[in-house]
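Read through the structure below, which is laid out as C-alpha cells, and then see the notes.
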Amino acid sequence: MWITSSPTTATTPTVIALGNFDGVHLGHREVIRPVLERVCRERQALTSQDKLRCPDVIDPSTLDLASLDLFRGYSDREFSFSDQAAPSALPCQGGQPLALATVLTFFPHPQEYFSGASRPLLTPIDEKALQLRDLGVEQLVLLPFNQELANLSPEQFVEFILVRHLKAQHISVGIDFCFGRGRTGNIEDLQRLAAQWGIDVSVVPLKNSGGDRISSSRIREALSNADLGTAKELLGRSYGLTGRVVQGQQLGRTIGFPTANLRIPADKFLPRSGVYSVRVLGVKDDSRSYIPGVMNIGNRPTVDGTTQTIEVHLLQWSGDLYGQTLRVTLDTYLRPEQRFESLDSLKRQIQADCEAALAIL
C-alpha cells in the first residue's frame, strides 16, 4: 500500500473514501465498501489486452516534505509500518491507468487541532494503515490538518484536493460528513460540487448496532468500562495493542512471572486499567497463530504505584522478546488492578490469573 502525506505525491487517478476512520470499525468499513467494490468491478472488466504500467511515483524516503507549501507532511514522524511502498505496476485499460482504491483522512484529528487537547486514537497511523491494507485499500493519503487546510472553503477543498491533485473519479462518505472552512460543507454541497467535475458521490447511511449508531466514541466508552464484547461487536474484531518490547524493571522474573514490557504509541487509546487474558501475535520463531497470555495495564501498586506500564506474561512460552514488536488482542477482563499486602499474595493472584486465562483461551 502506498502511503503519502501529500496529494501532490499520490498515485492517481483515485476512487476515494473520505473521513477520519479512527478505529476502522464496522461503520467505517461501510463507507470504504463502495470504493473497493467499484475498483473490483473495474479490475474484473479488464481484458487480456490490458497491460500493466509502472507508475511515475516518488519514493517516500526521497521526499522533501518541508518544502511543500500547503502539505508539509510528516518528515519528523518515524513510520514503523513496513509495507509503505508504491505499487510497482497499475492496471491499465486502453492505455490509461485505472483508479486506485484510496482512503483520504486527516492527521491530527480536526478536533484535536482546534481544541489543542491530545486525542487518544483507537488506531494510530501505523495501525490504521495495516487495518486499511487488510481490507484491500491500495493507497492512504494522510492530509496534515493545519490552518491552511482548515481555511479552505468547500469549493476549494473539492477543486484543489479532490479534483486537481487526487483526480478523483468517485467519492464515498458517511451521511453525516461535513467539510470545508467551519464545517460549512455538507453532503448535498459535496454532491453538487463533485457533479460539476463529473464525479459521482456515494452517501452511506449510518450503521447501527444495539439500537445505536456505531461510532468511535461508543467504542472508547466500552473500552473504558472494560466491556470488550461491545467493543468487539462495534469494531468487527477484538481490540488490540501493538508495541515494541523494551526493558523494564524486570521485577516479574524475580517472582517467577517474567513479563514483556510494551512501549506503544503515545497517542494510542488504552482500555480500563486491570488484568486481561490476551492473545499475543508476532513472536518470532513460533509457528502458532497466537500465544495465550495475561496482560496488566496500570501502575503496579504493590511494587511501584507511580508509573503506568503495559506488561504481558506469555503462558506456555519462554525466551527473549526484547526488540520484538508484538500485537496483543484483548480477550477477557479478569479483574481490576489492586494492591496486595505482600509479594507472596501477589504471586498467588498472578498464578490464579494465569490459570483463569488458560481456561478461557
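The values are calculated or read from the model by the stated rules, or taken from the named source; none is laboratory data. If you're wondering where the values come from, they're calculated on a predicted model, not measured in any experiment. Every residue, glycine as well, gets a Cβ built from its backbone with ideal geometry; the counts of neighbours run over all protein chains shown. Heavy atoms of the whole protein, side chains included, go into the accessibility calculation; ligands, DNA and RNA do not. Shrake-Rupley method; radii C 1.70, N 1.55, O 1.52, S 1.80 Å.
A few points about this structure:
- Cβ-Cβ distance of ARG183 and ASP344, R₀ of 51 Å, FRET efficiency by 1/(1 + (r/R0)^6): the value works out to about 0.30.
- Note on region 94-238: the alpha carbon radius of gyration divided by the globular reference 2.2 N^0.38 Å gives 1.15.
- If you take the Cα centroid of region 1-30 and the Cα centroid of region 306-323, the two points sit 34 Å apart.
- Looking at region 91-147, the DSSP beta bridges with both ends there are about 25 percent antiparallel.
- Simple spin-label estimate for ASP212 and ASP227 gives 0.5 nm between the two label positions (7 Å along the Cα-to-Cβ direction from each Cα).
- Rounded to whole numbers, the Karplus 3J(HN,Hα) couplings from phi for region 273-278 are 4, x, 10, 10, 7, 9 Hz, using 6.51 cos²θ - 1.76 cosθ + 1.60 with θ = phi - 60°, and x at Gly and Pro.
- Region 262-297 versus region 153-203: alpha-carbon centroid distance in Å: 40
- Rounded to 5, percent antiparallel among DSSP beta bridges of region 109-263: 55
- In summary, the lysines within cross-link reach of LYS167, defined as a Cα separation below 26 angstrom excluding same-chain residues under 8 places away, comprise LYS51, LYS128.
- Average projection, convex hull of the Cα set of region 128-194: 5.0 square nanometres.
- If R0 is taken as 30 Å, the Cβ-Cβ distance between SER238 and THR309 corresponds to a FRET efficiency of 0.90.
- The mean accessible area for residues of region 140-291, using a 1.4 Å probe and ignoring ligands and nucleic acids, is 48 Å² per residue.
- On full extension, the segment bounded by TYR322 and PHE114 gains 71.0 nm, given 0.36 nm per residue less the C-alpha separation.
- If the chain linking ASP267 and GLU155 were pulled fully straight, counting 0.36 nm for each residue of separation and taking away their Cα-Cα distance, it would gain 37.1 nm.
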